[in-house]
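Undergrad: Provided herewith is a single structure, encoded as structure tokens, for subsequent inquiry.
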Amino acid sequence: MRILYIFLFLGFFSATAQQHCGYDFSSFLVLHIHEDGKPENIPNLKVTLIDFFGNEMVNTGNKYSWTHRDEVMTFYENYKIDSKGNKLTEDSTEEKVRWFFPFSKATYIIATTNDFPIEGMRAKIEDVSEKPVYQTQIINLFAFNMYVLCTTQAEKAQQFGARVNKPVNVVLKRRE
């Protein structure tokens with residue numbers, strides 16, 4: 001009978017230890033880029049990760065992110081999806097609309113691995129439109145800027161200082 005209890009205990013422990021979060025092994029950087037005094041995110045900007053020397057970060061062999069292997073690490077704008085999970089188009093009449101990443105709303109986002117070497121990394125924000133309106137800006141990034149979405153990882157990331165899982169607030173200046 002003792003052996004049966006031991007197997008039941010091990011089975012229960014094994015089942016609870018194997019529960020996973022949908023965002024296991026990933027963290028996110030989220031940037032809210034706007035003008036001073038305006039809450040709206042500025043669309044259509046080029047936002048890339050650069051190292052301390054200003055070189056664009058390349059995700060060589062998926063070392064820094066599980067997506068976009070061997071490409072420059074570029075942020076993209078969060079977008080809205082319909083009830084089936086499809087990206088909304090301009091002419092969509094869908095009534096049940098939600099953000100693809102509901103935790104970040106209208107922001108720029110990039111997924112990274114949990115062991116991404118954030119210290120010394122920066123984000124380069126450029127207005128690459130035909131007639132640029134905003135000045136290029138480079139901001140420093142820190143460990144507390146990372147979104148850690150799984151509770152066990154969030155507990156490990158808890159620290160003093162700035163609150164975890166808050167978008168980096170970036171205020172762009174207009175060109176003169």
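Undergrad: Provide 34, 68 ordered by accessible surface of protein heavy atoms (probe 1.4 Å), highest first. All intermediate terms of the calculation are to be shown ahead of the outcome.
TA: Values: 34 20, 68 110 Å².
Of 34, 68, the descending order of accessible area is 68, 34.
Undergrad: What is the sum of charges, Lys and Arg at +1 and Asp and Glu at -1, for the other residues whose Cβ falls under 15 Å from the Cβ of residue 64?
TA: -3
Undergrad: Let's test the formula: R0 of 35 Å, r as the Cβ-Cβ distance of residue 115 and residue 93. What FRET efficiency results, to the nearest 0.05? Intermediate values should be presented prior to the final figure.
TA: Values: r = 43 Å, r/R0 = 1.23.
With R0 = 35 Å, the Cβ-Cβ based efficiency is 0.20.
Undergrad: Can you tell me the length gained on complete extension of the stretch residue 175 to residue 60, counting 0.36 nm per residue apart and subtracting the Cα distance?
TA: 37.9 nm
Undergrad: Which links in 38/84; 38/166; 84/105 stretch past 21 Å when you go from one Cα to the other?
TA: Going by Cα-Cα distance, 38/84 fall outside the 21 Å limit.
Undergrad: What's the local net charge at residue 100, with K and R +1, D and E -1, over the other residues with C-beta under 9 Å away?
TA: Spelling it out: positives minus negatives among the neighbours equals +3.
The values are calculated or read from the model by the stated rules, or taken from the named source; none is laboratory data. Predicted model, so just to flag it, every value in this text is computed and none were measured. Backbone-built Cβ (ideal geometry, glycine too); neighbour counts: all protein chains shown. The protein model used for the area step is the full one, side chains on, heavy atoms only, and it has no ligands, DNA or RNA in it. Shrake-Rupley method; radii C 1.70, N 1.55, O 1.52, S 1.80 Å.
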